[in-house]
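Visitor: The structure that follows is given in the form of structure tokens.
A short reminder: the numbers here are calculations on the coordinates, not readings from a lab. Here the structure is a predicted model, which means the values were calculated and not measured. Note that each Cβ is placed from the backbone with ideal geometry, even for glycine, and that neighbours are counted across all protein chains shown.
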Amino acid sequence: MSNVTAVIGVQWGDEGKGRVVDYLAKDAEIVIRFQGGDNAGHTVINELGKFALHIIPSGVFNQDTMNIVGAGTVVNFDTMLGEIENIEKTAGIEVKNIFIDRRAHLIMPYHCLLDGAEEAKRSEGQKIGTTKRGIGPCYSDKASRSGIRAGDLLDEQWLRMRLEMALPRKNRDLEYYGLKTFTVDEIMAKCKAWKDRFGDYIIDTVPIVREAVESDKKILLEGQLGIMRDNDWGIYPYTTSSNPTAAGAANGSAIPPSKIGKVVGVIKAYSTSVGGGPYMTELFDEDGQKLRDLGHEYGATTGRPRRCGWLDLVAADYACYMNGITDLALTKLDILDTFPVIKVCTGYMIEGEYYNHLPDTLFQEKAKPIYEEFEGWMSDTSKARKWEDLPQRAQEFVLMIEKKLGTRITYVSVGPERDQLIVR
């Protein structure tokens, strides 16, 4: 079996992928961030401190690991610089093991301005919940073939030609919203500063990745968000602009799909969501607030309070199938320690009809969850380090999820520290 592992979110994002990737990255020779931008973060806690990573791959803390920001990403070099400086200051290490694929698209200053303006124009019921980081407008330019790529920084003449083509249209859009416009020279100056700092790290990663795959090196593929925010298979239009799926992992990392030997799906013992759109198990009561408070459910990027609810196994089953999940990592089991009754959604009622599968967005808007209830274990799991250390009812809860999803739960997390991950 190939030594390539993809780590995928199987809910709405914020499942705790950062702590799983951090654990797996200890042994990885290459970690590749395959999609998305700095609009979502991974919180990593290790012996060096606590870090919120937004665009930097989680293998950055292993000096022997090569970290690649892949072609499927969109990159804000200002954000990347800030993250690197924070890591170097907090962890006391020099970051020189991060490389950017030439094909990765760049988030320009006008993308961020347009992102916020477009969201403000939407009516309340149609707001996507964008972080206003310029992700959507940058991916739009990529799709319309007017984007600027990292490799463009290395050729001044080519870059100027691309900007002269793109800027007039961007300035028209900015003028429409009453926002600041840009000259080619202003953007060229910004790009020169980026090139001076990151030019030596902008490379064609394909030969390196191919050699690693063919020599069976350990490679870890890391995304952001989860399938419910996928632009094709998620709750469109309340989605991100890329594909945070196993298929997206192959596409954004230059690795053939058949070479991904293991797909680890990360799933919380309950569920959370940031942003708009349907969310069938959302709680508006004391239980919802308790989950938010105990789980510290506030966005790593925005600080926004996350919407909280019970575990939705219908959505999780969909995610396991769509991603070809081979192993599950169940996170934040310890947050349920003080709940006398724990609920799990196993179906929906939609306009009087029972559904045991996940329908499209419009039907999700009308869905009412059907719950099964389980007796809580009412004891501290955070000190468990082996499967046998978990209370009997906690074990039964984990095994119930495993059985209903038909996918082995290989990892159980009972806290944010590295040693709080139980490997079964």
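Visitor: Report, by chain and number, residues whose modeled amide H sits under 5 Å from the one on PHE99, excluding near sequence neighbours (fewer than 5 apart, same chain).
Guide: Under 5 Å from the amide H of PHE99: ASN67, ILE68, VAL69.
Visitor: Okay, moving on. What percent do you get for the relative contact order of region 105-198 when only Cα pairs under 8 Å and 6+ apart count?
Guide: Relative contact order of region 105-198: 28 percent.
Visitor: I've got another one for you. So how do 254-260, 283-289 stack up, highest first, on mean other-Cβ count within 10 Å?
Guide: My ranking of the peptides, most packed first, is 254-260, 283-289.
Visitor: Give me the percent relative contact order of region 267-423, please, defined on Cα pairs under 8 angstrom at least 6 residues apart.
Guide: Relative contact order comes out at 25 percent.
Visitor: Moving to a separate point now. Enter the angle in degrees (range 0 to 90, nearest 10) between the Cα long axis of helix 109-121 and the first principal axis of the Cα atoms of the chain, meaning the one along which they spread out most.
Guide: Roughly 50 degrees between the two axes.
Visitor: Still on this structure: What 222 nm value per residue comes from the helices of the chain, counting each DSSP H run with n ≥ 4 as -39,500 (n - 2.57) and dividing by all residues, nearest 500 deg cm²/dmol?
Guide: Using -39500 (n - 2.57) per qualifying helix, the result is -10000 deg cm²/dmol.
Visitor: When you count, for each residue, the other Cβ atoms within 10 Å and take the mean per peptide, how do 407-420, 17-30 rank with the highest first?
Guide: So the order, starting with the most tightly packed, is 17-30, 407-420.
Visitor: Something else now. Using only alpha carbon pairs under 8 Å that are at least six residues apart, calculate the relative contact order of the chain and give it in whole percent.
Guide: Computed value for the chain: 20 percent relative contact order.
Visitor: Still on this model: For the residues THR183, THR73, THR381, what sequence is obtained by ranking on other C-beta atoms within 10 Å, fewest first?
Guide: Ordered by Cβ neighbours within 10 Å, fewest first: THR183, THR381, THR73.
Visitor: Taking H as built 1.01 Å from N, whose amide H comes closer than 5 Å to the amide H of LEU328, not counting residues under 5 places away?
Guide: The answer is GLY265, ARG408, ILE409, THR410, TYR411.
Visitor: Expressed in nm to one decimal, what extension gain is obtained for the pair TYR321 and SER379 from 0.36 nm per residue of sequence separation less their Cα-Cα distance?
Guide: 17.6 nm
Visitor: Rounded to whole Hz and in sequence order, give me ³J(HN,Hα) for region 209-220 from the Karplus expression 6.51 cos²θ - 1.76 cosθ + 1.60, θ = phi - 60°, writing x for Gly and Pro.
Guide: Once θ is set to phi - 60°, the couplings for region 209-220 become 5, 4, 4, 5, 5, 6, 9, 6, 6, 7, 10, 10 Hz.
Visitor: Using θ = phi - 60° and the Karplus curve 6.51 cos²θ - 1.76 cosθ + 1.60, what whole-Hz ³J(HN,Hα) does each residue of region 417-424 get, with Gly and Pro shown as x?
Guide: 6, 4, 7, 9, 10, 7, 9, 8
Visitor: When the chain is treated as a GNM, springs tying every alpha-carbon pair under 10 Å, which of GLN157, GLN63, GLN364 comes out with the largest mean-square fluctuation?
Guide: With Cα springs under 10 Å in the chain, the top fluctuation among GLN157, GLN63, GLN364 is at GLN157.
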